[in-house]
Amino acid sequence: MMLLLQVAADTTAKLIDTAAKGTQQLAQIPTEELRFGDLLLKGGWVMIPIGILAVLGLVIFFERFFTIRKAAQNEAHLMTQVRSSIVTGNLEAAIALCKNSNSPLGRMLQKGLLRIGRPIKDIEGAIENIGKLEVSKLEKNIGIIGIVAGIAPMFGFLGTIAGVIKIFYDISKTDNISMGVISGGLYVKMVTSAAGLFVGIIAYVCYHILNMMVDKVILKLETDAIEFIDLLEEPSK
């Protein structure tokens, strides 16, 4: 009986010692540091179109942002000067002011001033047409950002699916279904989905920011156009 207890005690001690050594060995294994740049490179060829879409979206956003912001500048002084020139009957000065302003509002008012003497409906139509043209200029290329927001995540999912297909193809050839092989390849391929979603979200936000800015400019142009028409009708009241 004592012999059995001694054997059991020795076996338990050996197991504990083996477990302790295994724990020490695991602790000594160096953990590979996951770097952001290396992770992007591991995403594969799909990262190239995603990167191109990201650069394209940012370039268009900043170009449109500064253009629209310039068009949205307060032109109250222009309306005041044009009003003063019209009241004094100096149409040439008013036209020159509008031409020198080089703004959507200035071009709208200039077209209206050149139509003075015709029926109000003709003046309103001319201003409305110029307004539509100016708005279309402001909206130029904004739709491309919307396209980027839609297709960037699709490229990301495409890269992940292609990677998963390759993983299972390799498994079928090597007959190695270890969790390390599957997870090691899968986390790399998920990078494309994350990158595509990130670019898509940024592009989506930028798209709506620009649209809100354009809507603000449209409201301001419509308000100024109404004020201008009222100004032309004042002498006939």
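The values are calculated or read from the model by the stated rules, or taken from the named source; none is laboratory data. Predicted, not measured: the structure shown is a model, and the values here were computed from it. Every residue, glycine as well, gets a Cβ built from its backbone with ideal geometry; the counts of neighbours run over all protein chains shown. Note: accessible area is taken over every heavy atom of the protein model, side chains too, but ligands, DNA and RNA are not part of it. Shrake-Rupley method; radii C 1.70, N 1.55, O 1.52, S 1.80 Å.
Numbers at a glance
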item	result
Efficiency of FRET between Ile161 and Glu222 - r from beta-carbon atoms, R0 41 angstrom, step 0.05	0.30
Largest-first ordering by accessible area, 1.4 Å probe, given options Tyr207, Tyr169	Tyr169, Tyr207
